[in-house]
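In what follows, a structure is listed as structure tokens, so that the remarks can point back to it.
Every number here is computed from the coordinates shown, using simple stated rules; none is lab data. Only a predicted model underlies this, so the values are computations on that prediction, with no experimental measurement involved. Reconstructed Cβ throughout: ideal geometry from the backbone, glycine too, with neighbour counts over all protein chains shown.
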């Protein structure tokens, strides 16, 4: 049996696993096909029946992996399509919601302007009646033409011709003023509710941004810690594709030897060897 064919098949297997992690399905399939071909070459030059059986099982495994990767590829394509449809639907719903909010704001603004115009017209009519002291018919004749004519409200979202009211007596005018006052109260209440909802939405978005910033800082710190662990590739072609660097690379906080100050020279003590000679 030629060992190089089997080793090359194992290398293709490891490469296919690495490519599959990055969702490179076509390249992974090619690696499994090459591994199956290399195992077929190894079977042809092998005489041991147990080795042949083992090689055949490995070849069948790579062929099954090819089919499995094809299924994963189809599933990934379907998942991407579903995600794209969901994103598009979310975008459309957000756009429609924004348009709906704009329409609500425009209608509310138009109602407020219309109520203001009607109130001003009625108040102007009462002022004219109070100053002239004439009958209802005479007061209507003396009312300014601008108040009794059609009023035009020109706003960014409304350009409508509105008719001023012509009440018959003061009682009707007062009742209509009360009605308009109630309408204004209701419209202002709606504005306050919208303001409260907008404030809550702003606070929620601020909390979300703060949470995302905290998650980003945590991820950055984790990446920095992981980068301190240096891994080097083994070029010897051994079984394990990675080996770890020495402890000095794993611990960047260790002191550099060059920064340690030199030691003081050793001092040799002065011994009196004459006493030792006499004693001996």
Fewest-first sequence of 10, 62, 32 by Cβ atoms within 10 Å of each Cβ: 10, 62, 32
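Between residue 194 and residue 120, what FRET efficiency follows from the Cβ-Cβ distance if R0 is 25 Å, with the result rounded to 0.05? Walk me through the intermediate numbers first.
Values: r = 25 Å, r/R0 = 0.99.
Working from the Cβ atoms, E equals 0.50.
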If you count, for each residue, the other Cβ atoms within 10 Å and average over each peptide, how do 80-86, 173-179 line up from highest to lowest? 173-179, 80-86
Between residue 214 and residue 72, what is the spin-label point distance in nm, taking each point 7 Å from the Cα along the Cα→C-beta axis? 3.6
With 0.36 nm assigned to each residue of separation and the Cα-Cα distance removed, residue 169 to residue 111 gains 18.3 nm
Computed FRET efficiency, Cβ-Cβ of residue 86 and residue 63, R0 45 Å: what is it to the nearest 0.05? 0.80
Can you give me the distance in nm between label points at residue 206 and residue 181, each placed 7 Å from the Cα along the Cα-to-Cβ direction? 3.8
Ranked highest first by average number of other Cβ atoms within 10 Å, how do 118-126, 43-51, 213-221, 180-188 line up? 118-126, 180-188, 43-51, 213-221
